[in-house]
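Here, each number is a calculation from the coordinates, and none is a lab measurement. Owing to the predicted nature of the structure, the values given are computational and were not obtained by experimental measurement. As a convention, Cβ positions derive from the backbone with ideal geometry for all residues, glycine included, and neighbour counts pool all protein chains shown.
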Amino acid sequence: MLRHSALALGLAALFWTLDSATAQTSVVKNDYSKAESWLCRPGERDACAADQSTTVVSANGTLKQEKWQANPSAPIDCFYVYPTVSLDPTPNSDMKAGPEELSVAAVQFTRFGSQCRTYAPLYRQVTLTALRSGLAGRPMAPDRMLTYNDVADAWKHYLDHDNKGRGVVLIGHSQGAGVLLELIRREIDGKPVQSRIVSALLIGANIAVKKGQDIGGAFQHMALCRSASQTGCIVTYVSFRGDVPPPANSLFGRVPGDGLQAACTNPAALAGGSGELQAYLSSAARSGGSSLKPWVMPERKIETPFVSVPGLLTADCVSNERGTYLAVKVNGDPADARVDDIAGDVVTNGQVQTNWGLHLIDVQVAMGNLVELVGRQAQAYLKNGAK
């Protein structure tokens, strides 16, 4: 699964802004007609062909394998922009898919292939190297306009050559969500192409809305999703443990500006309240010599890359003086055979960095809910007379 450090999925939304971004020297545009410019395209043996088989770990210790397969005849498309994962030594990444890009697509995006045709462009993102260097006081000046322009070019190529009037779901996490936020602002919100947007899943980023409302702030024409039959809307949240809320120095859950707050839509209960999270977590987190307790006792080998833990996690959106966030409750029972906690905190030198919350697993912790939601929104989109 993911081979990079715990910070590899983080360190992005905080730094992503085009407000002060300036392009560096002129650069050659990517050619998105070439297969090598994409992580995922329909019909290819690429990052989205990764094994998604799952072991369902019940509270009583029963293990059951769950198979998965893509739907090549899916009626809609999904367009994914991945988070900060590149370990390239330069401020912006190259256009070669390394193990980190391949693995994050497998963890965050492939499973959506049961509901949609999958498109995921490579892009010259701000690298983890640049972000770490900036935190250490040695800024490398990445070209954020280059990052945005790559994704915008890929989107325009997709619309011109692949979309053919189909509905499309936009999916992004962290830096990827930030880039998609800007793409929606510039190219989609209030424009004719908005009619093709089934929904936008902007996860692990601070998306502004007017306080007490579902619209305004980041977008003027696209509201937050409040039901699975609603389309053309936004699903967004940042996740924290329910018993470890955002601290004063939190990186997520707050936005600047009077009358604005960070948006939160609970994928397990869009209308509000608490709901069960259908997580798909990496099985490797508790195997292969991990210091964490095993998934089940007595310990048995997990053969699949993913694990599901029905009933273990619930969540609801919370808004208070600490921020607005998805509060994840772990319902562990020491008396049963299953593990009582999950991995997903950012840890540095043995210390949990509570200001990051569960940023590393924002998507995985609700993967089943998100995939199911996309399927239901696709049905609603098609029922409403979309092409």
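Dipole orientation for the chain: of the candidates 197, 350, 179, 197 has the Cα lying most toward the positive pole (charges on Cβ; Lys, Arg +1; Asp, Glu -1).
A helix-only calculation puts the chain at -4500 deg cm²/dmol for mean residue ellipticity at 222 nm, using -39500 (n - 2.57) for each DSSP H run of at least four residues, averaged over all residues. For residue 77, the residues whose modelled amide H falls within less than 5 Å of its own, excluding neighbours fewer than 5 places apart on the same chain, are 117, 167, 168, 169.
Across all Cα pairs in the stretch 285-347, the calculated P(r) in 10 Å bins from zero up to the longest distance comes to 18, 44, 26, 11, 1 percent per bin. The charge dipole of the chain, taken about the Cα centre with unit charges on the Cβ atoms of Lys, Arg (+1) and Asp, Glu (-1), comes to about 500 debye, rounded to the nearest 20.
Shape of the stretch 333-378 from the C-alpha gyration tensor: oblate (a/c of 1.5 or more and a/b not above b/c, with a ≥ b ≥ c the square roots of its eigenvalues).
Around the amide H of residue 85, modelled in the peptide plane, lie the amide H atoms of 128, all under 5 Å away and 5 or more residues distant in sequence or on another chain.
Highest mean packing comes first when the peptides 103-115, 215-227, 146-158 are listed by Cβ atoms within 10 Å, giving 103-115, 146-158, 215-227.
Consider all pairwise Cα distances in the stretch 217-310 and report the whole-number % of them above 22 Å. Here the tail beyond 22 Å accounts for 52 percent of pairs. The slack between residue 145 and residue 227, meaning 0.36 nm per residue of separation minus the straight C-alpha distance, is 26.1 nm. Shown for 100, 44: other C-beta atoms within 10 Å of each C-beta, ranked fewest to most, produce the order 44, 100. Restricting the calculation to Cα atoms, the chain shows an Rg/Rh of 0.94 when the hydrodynamic-style radius is the Kirkwood one. If both residues of a DSSP beta bridge must be in the chain, then about 50% of such bridges are antiparallel.
For the stretch 151-156, backbone phi angles converted through the Karplus equation (6.51, -1.76, 1.60; θ = phi - 60°) give residue-by-residue couplings of 5, 4, 5, 5, 4, 5 Hz, Gly and Pro being listed as x. Report, ordered by chain and residue number, the lysines lying within cross-link reach of residue 164, taken as a straight Cα distance under 24 Å and ignoring same-chain residues fewer than 8 apart. Qualifying lysines at Cα under 24 Å: 29, 34, 156, 191, 383, 387.
For residue 301, the aspartates and glutamates whose Cα comes closer than 20 Å to its Cα, not counting residues fewer than 8 places off in the same chain, are 51, 66, 336, 340, 341. The GluC sites (Glu not before Pro) of the stretch 253-322 meeting both criteria, a DSSP state outside H, G, I, E and B (loop) and at most 14 other C-beta atoms within 10 angstrom of the site's C-beta, are 299, 303, 321. When only Cα pairs below 8 angstrom with a gap of at least 6 residues are kept, the stretch 227-369 shows a relative contact order of 34 percent. Phi-derived couplings, Karplus 6.51 cos²θ - 1.76 cosθ + 1.60 at θ = phi - 60°, listed residue by residue for the stretch 100-114: 5, 5, 5, 6, 6, 5, 5, 7, 9, 10, 3, 4, 5, x, 6 Hz, with x used for Gly and Pro.
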